[in-house]
Amino acid sequence: MVLGNCGRKLLCLVLAVAGAVVHVTAIAQPVSVQNVRFARDRAPGMDGHWLETAVELRGGPSVEGGEGHAARFNSRIEVIFQAAYAVGDATAAGYEFYRSRAEITALAQNQRVFVYFYLPPEIVDRDRLQREPYAWRVALSVDGQPLPNAPEQYSRNLGDPQAAQSFLRHMTENAPKNDGVLLPIYLTPFYQRESGRFRNLPSFIRREPTPAAREEADP
């Protein structure tokens with residue numbers, strides 16, 4: 001369901017606020033977002049373009065501390081991607097909200113990996129979705145403990161706390177009907193050994209998509 005005019009205008013108004021940086025921390029994080037990139041791509045042997053989100057992560061110091069080889073790793077890293085896509089023409093655009101999650105088995109300090117999420121071509125064609133979402137967020141946790149958010153985990157129009165809270169509220173209200181549409185790479189045709197993406201993938205704790213947690217958490 002696309003947001004009505006009232007909800008759409010409220011989202012646009014709040015997301016227009018910009019400037020503040022959210023929860024900047026001076027210490028190195030156990031996991032950090034290095035980059036988030038968006039693309040359109042065709043799956044091998046299939047028609048239509050998928051929308052791809054590539055989240056680049058870098059491992060940091062272990063949350064457990066200590067010394068030795070094992071102290072270089074963090075385990076059970078959850079990556080939640082949330083996005084609002086504009087639907088409709090420029091004069092009457094609404095928004096559709098999507099969320100998905102993937103869990104990495106372990107990540108070593110300074111190791112760089114990519115976690116990919118995809119919207120299928122039927123949705124892209126039906127709603128005429130642009131390559132990049134209107135607004136997006138990446139939430140991270142390590143071994144069940146949420147990590148503080150950094151500016152790299154938000155689109156620029158969510159830099160203000162009010163904008164982020166509005167986004168999370170709309171995500172909570174509107175994303176559940178789309179759960180299971182936005183997919184982690186291991187549930188798509190792109191999860192192939194021959195793919196160039198495969199070289200930079202982590203090992204996943206594989207699950208079917210479930211409603212992403214923490215959408216109500218503070219930004």
Could you say whether any residue in region 151-158 is without any contact (Cβ under 8 Å) to a residue 24 or more places away in the chain and either crowded, with 22+ Cβ neighbours inside 10 Å or among the charged types (D, E, K, R) (or both)?
no
Any idea which of TYR98, TYR134, TYR154 is within 23 Å of ALA43 (Cα to Cα) and of a type in the set (Phe, Trp, Tyr)?
TYR98
Would you check if there is a residue in region 76-88 being assigned to a loop (DSSP other than H, G, I, E, B), within 22 Å of the chain's Cα centre (by Cα) and either touching a residue at least 40 places away in the same chain (Cβ under 8 Å) or within 27 Å of ASN149 (Cβ to Cβ) (or both)?
no
Looking only at region 164-219, filter to residues that are over 16 Å from the mean Cα position of the chain (by Cα), among the aromatic types (Phe, Trp, Tyr) and at pLDDT 85 or above; which one of those is nearest to GLN145 (Cα to Cα)?
TYR191
Could you grab me the full set of residues in region 170-187 that are outside any loop (DSSP other than H, G, I, E, B) and either of a type in the set (D, E, K, R) or touching a residue at least 24 places away in the same chain (Cβ under 8 Å) (or both)?
HIS170, MET171, THR172, GLU173, ASN174, PRO176, LYS177, ASN178, LEU183, PRO184, ILE185, TYR186
Within region 108-124, restricting to residues that are not in a helix (DSSP H, G or I) and not hydrophobic (A, V, I, L, M, F, W, C), the one that is farthest from ARG72 (Cα to Cα) is PRO120
Search result, residues across region 100-120 that are more than 17 Å from the chain's Cα centre (by Cα) and crowded, with 19+ Cβ neighbours inside 10 Å
LEU107
What is the residue count in region 133-150 for residues that are surrounded by fewer than 17 Cβ atoms within 10 Å (Cβ to Cβ) and charged (D, E, K, R)?
1
Please enumerate the residues belonging to region 131-146 that are more than 17 Å from THR105 (Cβ to Cβ) and in contact with a Ser or Thr (Cβ under 7 Å, 6 or more places away or on another chain).
ALA135, TRP136
Using the structure shown, decide if ARG199 is farther than 17 Å from GLU122 by Cα, in a loop (DSSP other than H, G, I, E, B) and out of contact with any Ser or Thr (no Cβ under 8 Å at 6 or more places or on another chain).
no
Options VAL2, VAL24, VAL63, VAL55; residue that is at pLDDT 85 or above and in a loop (DSSP other than H, G, I, E, B)
VAL63
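The values are calculated or read from the model by the stated rules, or taken from the named source; none is laboratory data. Being a predicted model, the structure only gives us computed values, none of them experimental. As a convention, Cβ positions derive from the backbone with ideal geometry for all residues, glycine included, and neighbour counts pool all protein chains shown.
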